[in-house]
C-alpha cells in the first residue's frame, strides 16, 4: 500500500515580491540621483588671443585680503563692513561701464572660503570683471 504524506512542506519560494521591491528601489535611486545638482560658483576662466593687445589707461581696482582678514582697497585699509560701500564708490569714481572695470582680488590662502564666496558674489552683483589671485605677499 502506497500511502503519501499529506503534511509535506513545500520547498518552493516566491521571488515576485523581492523583485518588486528591488525594482522600486532602482526607480527611487534613479529619480533622486537626477534631482541632485551640485552647488558651485560660476567663475569665468581667463582667456586671451593674439589680437587683444589694447592698452588701457585705466588701472584695475585692487582688493586684497590678508591672513588676518584685513581688507585693503587700492592700498587703503578698510573695515570689513565697509567693503561693499567702498567698492561701490570706487567703481562709480572709475567712470567706465561696470562691465569694462576689472577688479583684482588678491586673497591669502588661509582666508576661509565663505569670505571668498562673499567677495565673488559681491563682484558679480556689480557686474565687473574679476581676476582672482591666491597668494598675498
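Nothing in this text is a laboratory measurement; each read-out follows from the coordinates by a stated rule. Source: prediction; values computed, not measured. Positions of Cβ are backbone-derived with ideal geometry, glycine not excepted, and every protein chain shown enters the neighbour counts.
Before moving on, here are some points about what is shown:
- Take the Cα of residue 13, step 7 Å toward its Cβ, do the same at residue 126, and the gap between the two points is 6.8 nm.
- Gyration tensor verdict on the range 61-133 (Cα atoms; rounded if a/c is under 1.5, prolate if a/b is larger than b/c, oblate otherwise): prolate
- Spacing of the modelled spin labels on residue 70 and residue 113, each 7 Å from Cα toward Cβ, amounts to 2.8 nm.
- Label-to-label distance, residue 80 versus residue 23, with points set 7 angstrom from Cα along the beta-carbon direction: 5.7 nm.
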